[in-house]
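Written below as structure tokens is the structure these notes are about.
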Amino acid sequence: MIDLAKAESQAVAWEISLRDWMELQVQVFGNVDVFGNPDLDDESVEEWRGVVAQVLIDNRLCSKANRFMECSRYAYLYQCDGPEKHDLFSPIYCDLRFCPRCAPRQFARLIEKYEPILKAVAKEPKPGFRFRELTLTTRNTGTLTAEQIKKFNGDVKKTLKILMKGINDWGAIWCDEVGFNNTNLHAHVLLHGPYIAQTKLAEVWEEVSGHEVVYIKEATRSGAKALIHLLKYVSKPPANDPEKIGLLEVAFHKTRRVHTVGRFFNFVGQDTDNTHSEWEKCPHCGAGLNKLPGITRIEKAIADGRTFVGTKQTARRKEWVN
């Protein structure tokens with residue numbers, strides 16, 4: 001965690017900006033080419049991340065800015081309980097919602113978190129109930145604020161509750177999304193419930209939110225496939241413009257992108273979208289893991305012969321995303 005007072009003091013003493021101070025720390029403490037990618041241009045990565053960090057700094061999110069700059073630069077250390085005592089490491093991720101390195105990780109964790117809902121529903125089929133895909137949109141104003149997002153999610157929830165009034169055992173999960181490199185806020189909803197006419201959906205959505213465009217159809221996918229389709233855009237940041245990424249992080253600060261209502265609400269407990277995942281088993285032998293005290297630079301962990309603790313999960317995560 002950044003010592004903000006110390007960082008700002010040093011930046012002033014060195015006559016550089018706080019962003020430049022963060023970039024200097026990155027340069028001093030290693031680069032991102034720790035997995036042997038010879039084509040990686042670390043300088044351009046630093047510059048891109050620096051622009052995002054500056055937006056966060058300008059909006060008083062300095063700790064997030066520092067986490068973003070240091071993402072995957074340091075590592076936690078592990079050793080397994082097996083007879084070979086395998087030495088392992090796990091990168092320390094920033095877990096910001098729109099970080100290109102963390103987005104696939106967020107996606108994989110959301111799948112694991114919400115897949116039990118669909119499995120439970122499949123075991124208890126209900127006459128007339130189907131999975132239905134809804135899209136609810138807003139006008140693109142060119143800006144996006146936390147207040148807009150909060151109101152939007154409240155409108156989605158209210159709309160679904162009105163449509164399902166008097167109906168038991170319905171449930172829904174939705175994901176907030178924006179268009180690529182723009183601020184077109186919309187929600188993709190996976191609803192498990194009875195038939196809804198598009199005209200009725202449009203009528204209620206306009207009444208609740210003041211917006212007009214809606215879409216509904218019966219889901220063509222089921223189970224995990226339906227969930228993957230719903231959450232797929234979480235795996236890829238919705239912009240390549242670093243300033244837009246920074247503004248999205250500001251707008252979604254302390255706000256979830258994925259929400260549940262009805263039967264699905266609280267189905268999986270109180271976990272949030274970005275709680276740190278603790279590794280439990282050695283990828284080499286399956287033995288339990290002990291987290292060792294302290295952290296180290298990630299390239300040093302590799303130079304010391306440690307292996308990535310998530311080796312086996314990486315292939316599965318790529319398979320999901322692709």
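The values are calculated or read from the model by the stated rules, or taken from the named source; none is laboratory data. This one's a predicted model, so the numbers in the text were calculated from it and none came from an experiment. Cβ atoms come from the backbone with ideal geometry, glycine included; neighbour counts cover every protein chain shown.
Would you mind telling me which numbered condition in (1) assigned to a helix (DSSP H, G or I); (2) in contact with a strand residue (DSSP E or B) (Cβ under 9 Å, 6 or more places away or on another chain) V55 fails?
(2)
From E84, E47, which residue is modelled with pLDDT of 80 or more, closer than 27 Å to H253 by Cα and outside the structural domain of I245 (by TED's automatic domain parsing)?
Going through E84, E47 in turn, just one is modelled with pLDDT of 80 or more, closer than 27 Å to H253 by Cα and outside the structural domain of I245 (by TED's automatic domain parsing): E47.
Determine whether the range 145-163 contains at least one residue that is of a type in the set (D, E, K, R), more than 21 Å from the chain's Cα centre (by Cα) and part of a loop (DSSP other than H, G, I, E, B).
No; the residues of the range 145-163 include none that is of a type in the set (D, E, K, R), more than 21 Å from the chain's Cα centre (by Cα) and part of a loop (DSSP other than H, G, I, E, B).
Kindly indicate whether any position in the range 170-193 is in a helix (DSSP H, G or I) and modelled with pLDDT under 95.
no
Give me a count of the residues in the range 258-295 that are at pLDDT 85 or above and crowded, with 16+ Cβ neighbours inside 10 Å.
11
So which of I167, I149 is in contact with a strand residue (DSSP E or B) (Cβ under 9 Å, 6 or more places away or on another chain) and under 16 Å from H211 (Cα atoms)?
Within the list I167, I149, the selection yields I149.
Among the residues of the range 102-137, what is the count of those that are assigned to a loop (DSSP other than H, G, I, E, B) and surrounded by fewer than 18 Cβ atoms within 10 Å (Cβ to Cβ)?
Matching residues across the range 102-137 total 5.
C175 is checked against (1) among the hydrophobic types (A, V, I, L, M, F, W, C); (2) within 24 Å of the chain's Cα centre (by Cα); (3) farther than 26 Å from K232 by Cβ and fails just one. What number does that condition carry?
(3)
Is it the case that T159 is modelled with pLDDT of 95 or more, over 24 Å from K123 (Cβ atoms), crowded, with 19+ Cβ neighbours inside 10 Å and not hydrophobic (A, V, I, L, M, F, W, C)?
In short, yes.
Determine the pairs where a residue that is under 11 Å from I149 (Cα atoms), located within the range 245-257, has a partner that is among the basic types (K, R) and buried (at least 18 other Cβ atoms within 10 Å of the Cβ) with Cβ atoms under 8 Å apart, the partner being 6 or more residues away or on another chain.
From the range 245-257, the pairs are L248/R97; F252/R97; H253/K64; R257/R97.
Testing E84 on (1) farther than 30 Å from R221 by Cβ; (2) of a type in the set (D, E); (3) out of contact with any Cys (no Cβ under 8 Å at 6 or more places or on another chain), one condition comes back false. Which one is that?
Just one mismatch for E84, condition (3).
Filter the range 213-236 for residues that are buried (at least 18 other Cβ atoms within 10 Å of the Cβ) and either more than 12 Å from the chain's Cα centre (by Cα) or at pLDDT 85 or above (or both) and give the result.
V214, I216, A226, L227, L230, L231, V234
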